[in-house]
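This report refers to the structure that appears directly beneath it.
No value in this document is a laboratory result; all are computed from the given coordinates. Note that this is a predicted model, so its numbers are computed, not measured. A quick note on method: Cβ atoms are made from the backbone with ideal geometry, for glycine too, and the neighbour counts reach across all protein chains shown.
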Amino acid sequence: MRDRLPRVATVAQVIPETSKVTTFVLDAAIKAHPGQFLMAWLPGVNEKPFSIVRPGPLTITVANVGNFTDALHRLVPGERLWYRGPLGRGFRLSGRDILLVAGGYGAAPLHFLALAARDSGMAVRVALGARAQEDLLFPGRLAGLGCRVWTCTEDGSFGERGPVTDLLQSLADQHRPKSVYACGPQAMLQAVAGICDARGIPYQVSMERYMRCGMGLCGSCAVAGLRVCRDGPVFSRLPPGS
Ligand SMILES: Cc1cc2nc3c(=O)[nH]c(=O)nc-3n(C[C@H](O)[C@H](O)[C@H](O)COP(=O)(O)OP(=O)(O)OC[C@H]3O[C@@H](n4cnc5c(N)ncnc54)[C@H](O)[C@@H]3O)c2cc1C
């Protein structure tokens, strides 16, 4: 019940990650599973979902794409942010040898998953993609957790040139991971599902949909009879028609 009521935290640290993406470390800690999210609330502005990057200190990483995220980007240490959560179903870790596939700020929930996988002694490979070098999120942090990180950019400014799903294909064929975990734009997730299905590799994907209540009541994130906020955001198959 506590996770459904807003709680308030103070912004302890603001860390610029890329020109559009900033990490907010809060003076709070919660119990959460990798892949779960919280609803961040600025009274009088809006309330929107963000993946948990680290549960303690509670950390979110935000791309500035519109009104609400712009308001978040103006927060400075000492200011307050309200949140509800953790919400949703997260990733289930399985297999000793796993591959994470991140497109853009999809690296946010996968950072938390990499933390949990490292603590369980798993071998973690990461395929990290972005439009350009300056948009790559967390390459250093993921390597610092002991992950082997491969990078690619669509413009070829760093790492392999091309989409992260090309990198997934070659890593899947070379290393035969026991499971794949992905987060990124919907088209990327569809390609991940196709590549894994063709090779018989189990996968889990974290999906994004517009959300209002974040706890399965309003139906605004429904897809194929599933509520992304409550039945997901992590799915072990892409819902049909998504
Ligand atoms: C479970 C979940 C986890 C998320 N985790 C993160 C995270 O860790 N970091 C982060 O930066 N963002 C995350 N998001 C997306 C974040 O909620 C949106 O970027 C935010 O709502 C944008 O609000 P805004 O008012 O700034 O922009 P808006 O004005 O609402 O949108 C600006 C642009 O972003 C697009 N957009 C906004 N929200 C979505 C969405 N949910 N799906 C697809 N396109 C969208 C719109 O099409 C529009 O072009 C997550 C979303 C979900 C559902």
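Using the average count of surrounding beta-carbon atoms within 10 Å as a protection proxy, the listed peptides 61-67, 81-87, 179-185, 117-123 rank, highest first, as 179-185, 81-87, 61-67, 117-123. What is the helix-to-structure angle for 107-119, meaning the angle in degrees between its Cα long axis and the longest Cα principal axis of the chain, kept from 0 to 90 and rounded to the nearest 10? So the helix axis and the longest Cα principal axis differ by about 70 degrees. Mind grabbing the base-10 log of I(q)/I(0) for the range 2-87 at q = 0.14, 0.18, 0.22, 0.25 Å⁻¹? Debye formula, identical points on the C-alpha positions, no solvent, two decimal places. With one equal scatterer per Cα and no solvent, log10 I(q)/I(0) is -0.40, -0.68, -1.07, -1.42. Could you check what % of the DSSP bridge pairs in the chain are antiparallel, to the nearest 5? Of all bridge pairs located within the chain, approximately 55 percent are antiparallel. Ordering Thr165, Gly232, Gly78 by the projection of their Cα atoms onto the charge dipole of the chain, which places +1 on the Cβ of Lys and Arg and -1 on the Cβ of Asp and Glu, puts Gly232 at the extreme positive end.
Within the straight-line cut-off of under 17 Å between alpha carbons, the aspartates and glutamates reachable from Lys31 are Asp3, Asp119, sequence neighbours fewer than 8 places apart in one chain being disregarded. Each residue of the range 207-223 was assigned a 3J(HN,Hα) from its phi angle through the Karplus expression (A = 6.51, B = -1.76, C = 1.60, θ = phi - 60°), giving 9, 10, 9, 4, 10, 10, 7, x, 9, x, 9, 8, x, 5, 9, 5, 8 Hz with x at Gly and Pro. Eigen-decomposition of the gyration tensor built on the alpha-carbon atoms of the chain gives equivalent ellipsoid semi-axes of 27, 20, 17 angstrom, largest listed first.
Label-to-label distance, Asp27 versus Arg237, with points set 7 angstrom from Cα along the beta-carbon direction: 4.8 nm.
Straight-line cross-link reach from Lys178 at under 12 Å between alpha-carbon atoms covers these aspartates and glutamates, not counting any fewer than eight positions away in the same chain: Asp97. What do you get for the angle between helix 164-175 and the principal long axis of the chain? Use alpha-carbon atoms, 0 to 90 degrees, nearest ten. Its long axis makes an angle of about 50 degrees.
Dipole size in debye (nearest 20) for the chain around its Cα centre, Lys and Arg Cβ +1, Asp and Glu Cβ -1?
Here the chain has a charge dipole of around 820 debye.
Whole-Hz Karplus values for the range 129-140 come out as x, 7, 5, 8, 3, 5, 9, 5, 9, 6, x, x Hz, taken residue by residue from phi with 6.51 cos²θ - 1.76 cosθ + 1.60 and θ = phi - 60°; glycine and proline positions read x. Applying 1/(1 + (r/R0)^6) with r as the Cβ-Cβ distance of Leu5 and Asp166 and R0 = 35 angstrom yields a FRET efficiency of 0.20.
By DSSP, what percent of the beta bridges with both residues in the range 68-177 are antiparallel, rounded to the nearest 5?
0 percent
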